[in-house]
Every structure is written in structure tokens, then in C-alpha cells.
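The values are calculated or read from the model by the stated rules, or taken from the named source; none is laboratory data. Bear in mind that the values here come from a model prediction, so they are computed numbers and not experimental data. Neighbour counts run over all protein chains shown; Cβ positions are idealised from the backbone, glycine included.
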Amino acid sequence: MPRSKLSQIALALLLSAWATAHADSVGARVPPLPKYQQECAACHMAYPPGLLPAASWQRMMGSLGQHYGTDASLDEASVREIGGWLKAHAGTYKRANEAPPQDRITRSAWFLRKHNEREVSPAVWKRASVGSAANCAACHGNAAQGSFSERDIKIPK
């Protein structure tokens with residue numbers, strides 16, 4: 001086989017592997033479930049389901065009466081619908097294969113690695129324009145669409 005043909009095949013395989021790995025690294029972007037948007041985004045960003053493993057989402061949906069200090073109870077049909085969607089689209093890749101402490105995205109190993117003190121000063125989290133590490137949209141302009149690309153980061157003053 002000619003060398004250029006081998007190079008093209010190698011490049012195609014490399015790009016395919018990169019695309020698969022890249023998709024896993026950011027989590028599959030799925031269209032948001034309207035019920036999830038309605039119920040969850042009423043209080044905070046509707047976090048992409050791929051940011052946590054299924055076990056975390058299951059625990060969360062099973063304890064909505066005490067959802068991080070707030071009663072976020074829903075009717076049983078909504079719990080089943082949202083819980084099923086979260087489970088179906090939960091993270092299964094390297095980033096989300098372990099449940100973080102207290103099922104908090106901001107305490108996951110990948111989050112802490114990406115938002116370490118060299119990358120994000122602790123003072124940034126205290127800015128009124130940011131509020132907390134859970135406010136993804138403060139710096140990630142496309143967070144609501146499930147995009148956390150580093151090229152789109154703008155840390156507010």
C-alpha cells in the first residue's frame with residue numbers, strides 16, 4: 001500500500017479515536033428534557049447529566065425532600081421521568097465513573113483538577129459575579145448548552 005494511503009488511514013483512525021475520547025471527556029451533549037429544565041433549572045443550572053454517574057443521579061432523585069438543604073420534592077411521575085432520563089444519559093466515561101463526595105459535581109476529582117488554584121484563584125469563587133463553584137455559567141458562557149470548552153471561558157471581574 002502506498003505510504004500516502006497508509007498516512008491517510010492512520011490519520012482517519014487517529015481523528016476517530018480523538019473524537020471518541022473528546023466526546024467522552026466533555027460528556028455527550030443531549031437535548032435537555034423539558035421537565036428537567038422546568039423543575040431543576042428553576043433554582044440552578046440544569047447540569048448536563050453526563051457530569052455525574054447514574055448512581056449519583058439516583059441518590060439525588062431519591063432524596064429531593066432534602067436536596068442540598070432545600071425541599072425540591074416532585075410528584076412521583078416527574079421523579080420517574082427525570083430520573084430515567086438522568087440515568088440514561090449519566091456519565092459513564094473516565095470523568096464520571098466515580099461518585100464524588102456528597103454527589104457534588106464541584107467535589108469530583110475531574111472538577112478539582114480542572115479548577116485548581118493555578119487555574120482559578122480561590123478569590124474568583126467569592127466574587128459577586130461568580131458566587132460559587134456551582135455557578136458554571138458565570139465563566140462558561142455556553143454551560144447551559146452543555147459546552148465547557150476552555151476556549152469559551154471568560155472569568156468575570
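So that you can scan it fast, the table gives a plain yes or no per residue for (1) surrounded by fewer than 18 Cβ atoms within 10 Å (Cβ to Cβ); (2) assigned to a helix (DSSP H, G or I):
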residue: Ser73; (1), (2): yes, no
residue: Ile82; (1), (2): no, yes
residue: Leu86; (1), (2): no, yes
residue: Gly91; (1), (2): no, no
residue: Arg113; (1), (2): yes, yes
residue: Val120; (1), (2): yes, no
residue: Ser129; (1), (2): yes, no
residue: Phe148; (1), (2): no, no
residue: Lys157; (1), (2): yes, no
Only one of Arg59, Arg107, Arg127 is outside the structural domain of Arg151 (by TED's automatic domain parsing), of a type in the set (Lys, Arg) and within 23 Å of Pro156 (Cβ to Cβ), namely Arg107
The correct count of residues that are closer than 21 Å to Ser147 by Cβ and surrounded by fewer than 18 Cβ atoms within 10 Å (Cβ to Cβ) in the stretch 44-71 is 2
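Restricting attention to the stretch 131-146, which residues are part of a helix (DSSP H, G or I) and not small (Gly, Ala, Ser)?
Cys136, Gln145
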Of those in the stretch 94-111 that are assigned to a loop (DSSP other than H, G, I, E, B) and within 12 Å of the chain's Cα centre (by Cα), the residue nearest to Pro32 (Cα to Cα) is Arg104
